[in-house]
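Beneath this line is the structure, given in structure tokens, with notes to follow.
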Amino acid sequence: GYGKGGKKSKFLEAYPMLFKFFLFWWCVVVFVLMGFYILDQLMFKKFGSARVNFSFEHRFKSGSTDGREAFWEQLADPTKWSPEHPVLQSADIRMVRCTKEAPGDKDKAATNGESATQASDA
């Protein structure tokens, strides 16, 4: 800085004043943001995580009697989906063959290293 001899510092002298202006305010913003971050971390260590409660309620149009039910069927009821439904088009549905096994069949399959379903398919 300035000493007794009045010698002026040459730090950042080569840069234009506009650059130094923005550099100063950039440093101020970063300092403030880091202060908030450090304060947040200290508060988290002292008090723990904050409990956040929220709720959501969607009201369908009052004139629509089947609004909620129709919407729910489109989302969660595969029996109501059309064959053009994207999930049905991409589904890989395989049927599982269920056979009655003797109680000892599972033990035999387990000792041979096979699963019970592989043993029943053989």
* Place the peptides 48-57, 32-41 in order of packing, highest mean first, counting for every residue the other Cβ atoms within 10 Å and averaging per peptide. => 32-41, 48-57
* At Ser82 and Gln41, where each label point lies 7 Å from the Cα along Cα→Cβ, what is the point-to-point distance in nanometres? -> 5.5 nm
* Enumerate the residues in the stretch 76-90 having an amide nitrogen under 16 Å from the point lying 7 Å beyond the Cα of His58 toward its Cβ. => 76-77
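Where a number appears in this text, it was derived from the coordinates with a stated rule and is not lab data. Computed from a prediction, not measured in an experiment: that's the story for all the values here. Positions of Cβ are backbone-derived with ideal geometry, glycine not excepted, and every protein chain shown enters the neighbour counts.
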